[in-house]
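The values are calculated or read from the model by the stated rules, or taken from the named source; none is laboratory data. Quick caveat, the model's predicted, so the values are computed rather than measured. Cβ: placed from backbone, ideal geometry, glycine included. Neighbour counts: every protein chain shown.
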Amino acid sequence: MTELRICFVGDSITQGTLDDTALGWPGRLVASARRKGHDFTCYNLGIRRDTSKDIERRWKAEVTARLPATAPGGVVFMFGINDMQSSGGELFRVPPPESVKTARHMVEEAKVHWQVLWLSPVPPVPGHKTKDAFPDLEEDYINVRARKLVEAYAHVAKELDVPFLDLYTPLVTRSFTRWRWLRALKAGDGIHPKDSGYALIAKMIERWDGWQEWLEG
């Protein structure tokens, strides 16, 4: 049996927006681990619409309050899609270089104190635009931007020697996985999936070596 207290840090996809079970993918992951006999505790620290900069301002205080030095702790990060949105007359809520710099700072600092896993953002429905999008941007601008951000995040994770799971690529390239994801998104609002989408994310993470190493202790 492995004992671990885990903080899941991120935005609305981490929070589980539109999931009628209110579990999101973090709750499903931890519930599965507990059914296997592991003493895992889930702290969901996802906040809707948070960018990497928003998360940077709050994550350490929130995590430190929940992961005492006397107990084994882990941090799982997932963020980035909100950075790539246009808002308030700006092409990016957080420009890519700043997003990458912010991500590096958070993950690098977290690694000093706790076990860390890093997950890529997930894709919205192709062609999805927020209401404040610039009308002359490419049709699928948010996915184009997200794809490049995932590549940059993966590079940083490799430099920091932190396990990184690219959820984005299989959700847009593997036919059956993509079909399931799009169906869940279309049942939701185009950005957030319904329950089956969060279940899919949880299954993908559960099969990942990075998560399996946590289960093995």
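Of note:
- Search result, residues across the stretch 179-195 that are farther than 10 Å from Val125 by Cα and of a type in the set (D, E, K, R): Arg180, Lys194, Asp195
- Residues that are buried (at least 17 other Cβ atoms within 10 Å of the Cβ) and part of a helix (DSSP H, G or I), drawn from the stretch 140-151: Tyr141, Ile142, Asn143, Arg145, Ala146, Arg147, Leu149, Val150
- All conditions in (1) within 17 Å of Tyr198 (Cα to Cα); (2) surrounded by fewer than 21 Cβ atoms within 10 Å (Cβ to Cβ) hold for Arg5, with the sole exception of (1).
- Filter result (in contact with a Cys (Cβ under 7 Å, 6 or more places away or on another chain) and either without any contact (Cβ under 8 Å) to a residue 40 or more places away in the chain or buried (at least 18 other Cβ atoms within 10 Å of the Cβ) (or both)) within the stretch 55-75: Val63, Leu67, Val75
- Filter result (in contact with a Phe, Trp or Tyr (Cβ under 8 Å, 6 or more places away or on another chain), crowded, with 17+ Cβ neighbours inside 10 Å and of a type outside the set (Ser, Thr, Tyr)) within the stretch 86-115: Val100, Ala103, Met106, Val107, Ala110, Gln115
- Every residue from the stretch 42-82 that is of a type in the set (Val, Ile, Thr) and either assigned to a helix (DSSP H, G or I) or more than 18 Å from the chain's Cα centre (by Cα) (or both): Ile55, Val63, Thr64, Thr70
- Sole exception among (1) at pLDDT 95 or above; (2) within 23 Å of Val107 (Cβ to Cβ) for Asp195, by number: (2)
- Residue ID - nearest to the chain's Cα centre (by Cα), chosen from residues in the stretch 183-198 that are assigned to a helix (DSSP H, G or I) and surrounded by fewer than 19 Cβ atoms within 10 Å (Cβ to Cβ): Ser196
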